[in-house]
Amino acid sequence: QVQVMESGGGSVQAGGSLRLSCTSSVKTYHEGCLAWFRQAPGKEREGVASIDSERRTSYANFVKGRFTISRDDSISKDDARIIIHLQMNNLNPGDSAMYYCAACTLDIQTMFPLDEKHFPYWGQGTRVTVAS
């Protein structure tokens with residue numbers, strides 16, 4: 001059973017930064033492709049950024065130049081977990097949402113636009129609030 005867990009959400013002033021982290025267990029269940037989605041109140045969930053097993057990254061247009069997704073390669077290769085981060089800079093109130101980490105099963109599924117049906121493993125989400 002794959003488990004996905006997010007951390008690092010919180011409240012920040014406009015222009016500030018936050019770093020989200022996601023830990024996915026049992027990497028043998030998937031290639032190591034992961035993505036961040038977000039959902040603001042009253043809005044549909046949308047893809048934010050993705051990274052595949054080769055560390056190739058993709059971003060939604062509305063975060064390009066502000067957000068960076070990366071994989072933590074400091075952990076041991078024998079470790080069954082995959083850890084990724086989402087560094088979010090120059091945040092604005094429009095970025096306020098619940099942020100979800102999700103794991104897909106094939107690298108090609110990290111191409112935008114992301115399709116949620118290709119992501120069978122989801123975390124519970126972490127909330128980001130940006131005050132104006």
Quick calc: nm separation of the 7 Å Cα→Cβ label points for residue 45 and residue 19 -> 2.6 nm
Interchain or sequence-distant (5+) residues whose placed amide H lies within less than 5 Å of the amide H of residue 114 are 47
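What accessible area per residue comes out for the chain, rounded to a whole number of Å², with a 1.4 Å probe? Working shown, then result.
Details: 6850 Å² over 132 residues.
Dividing the accessible area of the chain by its residue count gives 52 Å².
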SASA check, residue 72, accessible area w/ 1.4 Å probe, all protein chains in place, rounded to nearest 10 Å², comes out at 40 Å²
For the chain, the accessible surface attributable to carbon and sulfur atoms (probe 1.4 angstrom, ligands and nucleic acids excluded) amounts in percent to 48 percent
Percent of all alpha-carbon pairs of the range 28-70 at distances over 17 Å, whole number, is 38 percent
Expressed as a whole-number percentage, the relative contact order of the chain with C-alpha contacts under 8 angstrom and at least six residues apart is 37 percent
Taking max minus min of the Cα coordinates of the chain on each principal axis, largest first, gives extents in Å of 43, 29, 25
For residue 19, the accessible surface traced by a 1.4 Å probe with all protein chains present amounts, in square angstrom to the nearest 10, to 130 Å²
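The values are calculated or read from the model by the stated rules, or taken from the named source; none is laboratory data. What you see is a predicted model; the values in this text were computed from it and never measured. Because the Cβ atoms are built from the backbone with ideal geometry, glycine has one as well, and the counts that use them run over all protein chains shown. Surface accessibility is based on the protein's heavy atoms, side chains included, excluding ligands, DNA and RNA. Shrake-Rupley method; radii C 1.70, N 1.55, O 1.52, S 1.80 Å.
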